[in-house]
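The structure appears right after this line, and notes come after that.
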Amino acid sequence: MGISHIVFIAGHAKLPQGMAAKNMYETLTVTAEIDRTYGVILEASCTLATEHGRNYIGKLLKGYSLREGIDEPIRAIQQHYYGKATNAIIAALKDLHYQFQQMNHNQ
């Protein structure tokens with residue numbers, strides 16, 4: 001079976017000024033391995049500056065289904081992540097969701 005049922009999708013957003021990650025990247029990227037059939041986020045990460053932050057965002061997003069929309073993952077970020085990148089993470093998530101929808105539309 002391998003990983004043929006999994007897709008890798010990235011969503012991007014501009015970073016706000018004054019962030020540590022801004023020194024390394026101009027944009028914040030949220031990446032996810034997603035089950036193609038059910039839309040469930042199996043693993044996720046992002047380009048926050050610290051490994052701890054990247055891992056935390058991954059844990060927050062894991063298990064949500066993009067087929068059910070993006071509102072719940074966004075709510076999880078709003079309720080549990082209190083950093084300068086909140087809006088950028090949400091924007092990148094929306095872009096990731098859009099990419100997922102485009103992939104499904106084109107199949």
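The values are calculated or read from the model by the stated rules, or taken from the named source; none is laboratory data. Since the structure is predicted, the reported quantities are computational estimates derived from the model, not experimental observations. Neighbour counts run over all protein chains shown; Cβ positions are idealised from the backbone, glycine included.
For the condition exposed (fewer than 14 other Cβ atoms within 10 Å of the Cβ) and not acidic (D, E), what is the one hit in G58, G53, G63? Step through it out loud before you land on a result.
On the way: G58 fails: exposed (fewer than 14 other Cβ atoms within 10 Å of the Cβ); G53 fails: exposed (fewer than 14 other Cβ atoms within 10 Å of the Cβ).
Going through G58, G53, G63 in turn, the sole match is G63.
Let me spell it out: the conditions are (1) under 30 Å from Q107 (Cβ atoms); (2) buried (at least 17 other Cβ atoms within 10 Å of the Cβ), and L48 meets all of them except one. Which number is the exception?
Looking at each condition in turn, L48 falls short on (1).
Regarding T86, is this residue of a type in the set (S, T, Y) and within 13 Å of F8 (Cα to Cα)? Outline the logic, then answer.
On the way: of a type in the set (S, T, Y): yes; within 13 Å of F8 (Cα to Cα): no.
Considered against the rule, which asks whether it is of a type in the set (S, T, Y) and within 13 Å of F8 (Cα to Cα), T86 comes out as no.
Please specify each residue of the stretch 75-92 satisfying the condition of being out of contact with any helix residue (DSSP H, G or I) (no Cβ under 6 Å at 6 or more places or on another chain) and aliphatic (A, V, I, L, M).
A85, A88, A91, A92
Looking at N55, N87, can you tell me which residue is under 14 Å from the mean Cα position of the chain (by Cα) and more than 29 Å from H105 (Cβ to Cβ)? Let's see the steps before the verdict.
Values: N87 fails: more than 29 Å from H105 (Cβ to Cβ).
Selected residue: N55, the only one of N55, N87 that is under 14 Å from the mean Cα position of the chain (by Cα) and more than 29 Å from H105 (Cβ to Cβ).
Show the residue pairs that are 6+ apart or on different chains and have beta-carbon atoms under 6 Å apart, the first residue being within the stretch 43-57 and touching a residue at least 24 places away in the same chain (Cβ under 8 Å), the second being part of a helix (DSSP H, G or I) and basic (K, R).
The qualifying pairs are C46/R54; L48/R54.
Can you report the number of residues in the stretch 1-42 which are farther than 19 Å from G58 by Cβ, at pLDDT 85 or above and assigned to a loop (DSSP other than H, G, I, E, B)?
The first filter runs over the stretch 1-42 and keeps only residues farther than 19 Å from G58 by Cβ, leaving 1-2, 4-5, 14, 16-18, 22-23, 26, 36-37.
Now drop any that are not at pLDDT 85 or above, which leaves 4-5, 14, 36-37.
Those still in the list that are assigned to a loop (DSSP other than H, G, I, E, B) too: 4-5, 36-37.
Number of matching residues: 4.
Tell me which residues, restricted to the stretch 43-74, are small (G, A, S), part of a helix (DSSP H, G or I) and in contact with a helix residue (DSSP H, G or I) (Cβ under 9 Å, 6 or more places away or on another chain). Even if it seems obvious, please write down each step before you answer.
Filtering the stretch 43-74 down to residues small (G, A, S) leaves 44-45, 49, 53, 58, 63, 65, 69.
Within this subset, residues satisfying the condition of being part of a helix (DSSP H, G or I) are 53, 58.
Once the filter is applied, which keeps residues that are small (G, A, S), part of a helix (DSSP H, G or I) and in contact with a helix residue (DSSP H, G or I) (Cβ under 9 Å, 6 or more places away or on another chain), the stretch 43-74 yields only G53.
For K84, are the conditions met, namely being outside any loop (DSSP other than H, G, I, E, B) and among the charged types (D, E, K, R)? Even if it seems obvious, please write down each step before you answer.
Working: outside any loop (DSSP other than H, G, I, E, B): no; among the charged types (D, E, K, R): yes.
No, not satisfied.
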